[in-house]
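Take a look at the structure below.
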Amino acid sequence: MTEKNDIIWLVPHNFLRYLPLHALKVEGCYLIERNPVCYTPSASVMKY
C-alpha cells in the first residue's frame, strides 16, 4: 500500500478505462482525496 500523498499512476486496460478508479474507498476516504492520481494510456508513456 502507498503512503498518503504518494503519486499513484494508473494504467487501466480494456474495460477498466471506463471505471472511475480514483473513486475507490481507501482507509475510509476516496483515493483521489488521499493521493494524487494520474492516468496513462500505456506504461511506455510514463517516461515522458
Tally of residues being in contact (Cβ under 8 Å) with a residue 24 or more places away in the chain and either within 17 Å of Thr2 (Cα to Cα) or of a type in the set (Val, Ile, Thr) (or both) across the range 36-48: 5
Boolean, Glu33 is without any contact (Cβ under 8 Å) to a residue 12 or more places away in the chain, among the acidic types (Asp, Glu) and in contact with a helix residue (DSSP H, G or I) (Cβ under 8 Å, 6 or more places away or on another chain): no
Residues of the range 36-48 classified as in contact with a Ser or Thr (Cβ under 6 Å, 6 or more places away or on another chain) and over 16 Å from His13 (Cα atoms), total: 0
Residue match in the range 30-47 (condition: of a type in the set (Gly, Ala, Ser), over 13 Å from the mean Cα position of the chain (by Cα) and at pLDDT 90 or above): no
Hits in the range 1-41 - residues which are assigned to a loop (DSSP other than H, G, I, E, B), of a type in the set (Val, Ile, Thr) and surrounded by 12 or more Cβ atoms within 10 Å (Cβ to Cβ): Val11, Thr40
Which numbered condition Tyr18 fails, given (1) in contact with a helix residue (DSSP H, G or I) (Cβ under 9 Å, 6 or more places away or on another chain); (2) modelled with pLDDT of 90 or more: (1)
Verdict on Val45 being on the phi < 0 side of the Ramachandran plot and surrounded by 13 or more Cβ atoms within 10 Å (Cβ to Cβ): no
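The values are calculated or read from the model by the stated rules, or taken from the named source; none is laboratory data. These numbers were taken from a predicted model, which means no experiment stands behind them. Please note: Cβ atoms are built from the backbone with ideal geometry, for glycine as well, and neighbour counts cover all protein chains shown.
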